[in-house]
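Student: Below you'll find the structure I mean.
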Amino acid sequence: MMRKRRPPTADVLEAASVWALRVEAGLSGRDQARLEAWFEASPRHRPAFDAVVEMDLLLRQEGARDELMAMRAAALGSRPERAPRRALAAGLAAAVTLGGIGWWGVDRFVDLQTVAGSHAVRSAGYATAPGERATVTLSDGSILVLNTDSAVETTFDHRIRRVRLLKGQALFTVAHDPMRPFDVLAGDRRVTAMGTAFDVLMLPDAVRVAMIDGVVRVSSDRSEPPQILSKGEMMVARVDGATTIRKVDTQRLAGWREGVVYFDDTPLAEAVAEMNRYASRRTVVMDARAAALRVSGAFRIAEADSFAESMTDIFPLIVKRSADGQTTLVSRRM
């Protein structure tokens, strides 16, 4: 028989609320370490933090009393130890206690296309061609960096900030706005930010979300609870419903911003597929033995067309080229 999980005590919820507000305002490296230590100190701490984050996002998505929103704005402008932040933390803790968010698997979706009403809505689209990258400053001050062959649609009004990733990869540095959540829609996943930095990649069979800084909530239209991701975590959500979360070096994952792709014991077939995104001519790995070879190292995006040749310097492979310009990697016969 499954035992019902007991809700946290009021002091744990308040501490979790203070941490959630600190994360939204931005943590130093030292504070990030302190937060991780707090998570490890008790099995109740991380679930309490997740519940507070989710309740905070729901309050902003669906509207809250003016006094709570004013208190939130004051708290975010205060130092962590000052009274306004503690007061808002207590309010969030009470909201979690009353609402039960996070303890009974509640997942509420807002139809963001219906809340604009008569207010002005700003919509725009941005795209990059293969081999291109672009940086865009959105109307709220958030920064969008589009990787190669990527496209997004944005919709902003007085209550929502929504970006739909149509294809490819984008890195978001979200401007703080206590009144409006920042949603990124990718496949069947919704990533809701609290003023943070994260990377979203659309794969053929999955959506990958990697946290550079801060916290996001990832939910879907499936009957499954939402996930809270924090700095250094990566989620891969596959179309078949399988989801994995693990710790990664997210700075390396976002290395494409600086024109570098990192591989760490990556199968050659996956490495070739990644470099093909930046290359002017496509490379194909022809045989299973070659595809299974493991690649590690840093490779410049500008040299993507010569990636196949560089693999012949490392592995027993040969390069063949067809009349239509396709490059093929084949295992060398022993």
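Student: Calculated FRET efficiency, Asp240 and Glu132, Cβ-Cβ r, R0 35 Å, to nearest 0.05? All intermediate terms of the calculation are to be shown ahead of the outcome.
Tutor: Working: r = 32 Å, r/R0 = 0.91.
Once the sixth-power term is evaluated, E becomes 0.65.
Student: What is the spin-label model distance, in nm, from Lys167 to Ser306 if the labels are put 7 Å beyond Cα along the C-beta direction?
Tutor: Going by the 7 Å Cα→Cβ label model, 2.9 nm.
Student: Looking at region 146-301, what % of its DSSP beta bridges pair antiparallel, to the nearest 5?
Tutor: Of those bridges, close to 90 percent are antiparallel.
Student: While we're looking at this one, here's another question. If packing is taken as the mean number of other Cβ atoms within 10 Å per residue, what is the order of 168-176, 230-238, highest first? Mind showing how you got there, number by number?
Tutor: On the way: 168-176: 21.7, 230-238: 19.1.
Result, highest mean Cβ count within 10 Å first: 168-176, 230-238.
Student: May I ask you to compute the full-extension gain from Arg222 to Asp264, defined as 0.36 nm times their residue separation minus their alpha-carbon distance, rounded to one decimal in nm? The partial results should precede the final answer.
Tutor: On the way: separation 42, 0.36 × 42 = 15.12 nm, distance 3.21 nm.
My answer for the length gained is 11.9 nm.
Student: Taking amide H atoms as placed 1.01 Å from N in the peptide plane, list the residues 5 or more away in sequence, or in a different chain, whose amide H sits under 5 Å from that of Leu317.
Tutor: Correct list: Arg332.
Student: Go ahead and collect, in residue order, the members of region 237-259 whose backbone nitrogen is under 19 Å from a label point 7 Å along the Cα-Cβ direction of Glu40.
Tutor: Residues 246-250 fall inside that zone.
Student: Can you give the extra length, in nm with one decimal, that the chain gains between Thr9 and Ala298 once fully stretched, where that is 0.36 nm per residue apart less the Cα-Cα distance?
Tutor: Between Thr9 and Ala298, full extension yields an extra 99.3 nm.
Student: Once phi is turned into θ = phi - 60°, what whole-Hz ³J(HN,Hα) does the Karplus curve with 6.51, -1.76 and 1.60 give for every residue of region 181-189, x standing for Gly and Pro?
Tutor: x, 10, 9, 10, 9, 9, x, 9, 10
Student: Shifting gears a bit: How would you order 156-166, 12-22 from highest to lowest mean count of nearby Cβ atoms within 10 Å?
Tutor: Put in order of decreasing packing, that is 12-22, 156-166.
Student: Determine, for each peptide in 297-305, 212-220, 200-208, the mean count of other beta carbons within 10 angstrom over its residues, then list the peptides with the highest first.
Tutor: 212-220, 200-208, 297-305
Student: Check Leu166: other-chain or 5+ apart residues with amide H under 5 Å from its amide H, H built from backbone geometry?
Tutor: Long-range HN contacts for Leu166: Ala151, Val152, Glu153.
Student: Here's something else I'd like to know. Applying the Karplus parametrisation 6.51 cos²θ - 1.76 cosθ + 1.60 with θ = phi - 60° to the phi angles of region 143-158, what ³J(HN,Hα) value in whole Hz is obtained for each residue in order, glycine and proline being reported as x?
Tutor: 10, 10, 10, 9, 7, 4, 6, 10, 8, 9, 10, 10, 9, 10, 8, 6
Read the figures in this text as sums done on the coordinates, not as results from a lab. Predicted, not measured: the structure shown is a model, and the values here were computed from it. Backbone-built Cβ (ideal geometry, glycine too); neighbour counts: all protein chains shown.
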